[in-house]
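Below is one structure, written out as structure tokens; comments come after it.
Read the figures in this text as sums done on the coordinates, not as results from a lab. Note that this is a predicted model, so its numbers are computed, not measured. Please note: Cβ atoms are built from the backbone with ideal geometry, for glycine as well, and neighbour counts cover all protein chains shown.
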Amino acid sequence: MDGKKFLAELIGTFGFVFFGAGAILTHVSTQIVGMTGIAVAHGIGILVMIYAFGHISGGHFNPAVTMGVLAGRRISFGGAITYWVAQLLGAVLAAFVLRAAYGGPTEANLGAPAVAAGVSPMTALLLEALMAFILVIVVFGSAVHTKAPIGFAGLAIGLTLTGNILAGGALTGAAFNPARAFGPALAAGFWQDQWIYWVGPMLGGTIGGLLYTQIFLDRDRA
């Protein structure tokens, strides 16, 4: 196991969840952040962590991204397992820090996502898969492809998160990241719809990784 990559994915996921879920809890407390602020907080969280650790681990911070990279044969299965453990641990630690700071699970379940009333489980699953698919496509295009512009991956990926949350946040909570969903759910003891936030993103990430690799990277092998 590469200790530096493990620690990079752990700290990066911790920071991302702390920023994103923390913004949700701030909104619940103050009513001044709003959906736009929550989306921007998630985008900033992933952006700064990618710039901090992208050169060390690739800056996945999301099991669905790692799944896409695995499907695209840019990481070994053993490496993917290491990343998944680090990501989940980082998300759980961030959620428990927020739980301690706010004195309990809180009204918003520590920022754990939930499917909105009137949205069917299948619709929610497809939306989570779609958002993860879009994210993985951007990751490959901005960070994996050898002809990607240098230095812009963090910005591109951060804006993708922001856009996804603005588009889907009111419907599914727009996690499209199993670690982002799992950490707050564990700390809050809130498991409603949890399976959707695993199946959807992992499916979307796999399709995104396979599609980009087969169509756009077939002559650009790393």
> Taking the simple approach of a point 7 Å from Cα along Cα-to-Cβ for both I150 and A170, what is their distance in nm?
Replying inline: 4.3 nm
> Under the classification rounded if a/c is under 1.5, otherwise prolate if a/b is larger than b/c and oblate if not, where does the range 140-222 fall, given a ≥ b ≥ c as square roots of the Cα gyration tensor eigenvalues?
Replying inline: prolate
> For the Cα atoms of the chain, what angle does the longest principal axis make with the long axis of helix 77-102, in degrees from 0 to 90, nearest 10?
Replying inline: 20 degrees
> With charges only on Cβ, +1 for K and R and -1 for D and E, what is the dipole size of the chain about its Cα centre, in debye, rounded to 20?
Replying inline: 440 debye
>> Can you give the FRET efficiency to the nearest 0.05 for Q31 and V119, using r as the Cβ-Cβ distance and R₀ = 22 Å?
In response: 0.40
> To the nearest 10 degrees, how steep is helix 34-57 against the longest Cα principal axis of the chain, on a 0 to 90 scale?
Replying inline: 40 degrees
> Mind checking the angle between helix 153-172 and the chain's longest principal axis? C-alpha axes, 0 to 90 degrees, to the nearest 10.
Replying inline: 40 degrees
>> At 222 nm, what value in deg cm²/dmol follows for the chain if DSSP H runs of at least 4 each add -39500 (n - 2.57) and the sum is divided by all its residues, to the nearest 500?
In response: -24500 deg cm²/dmol
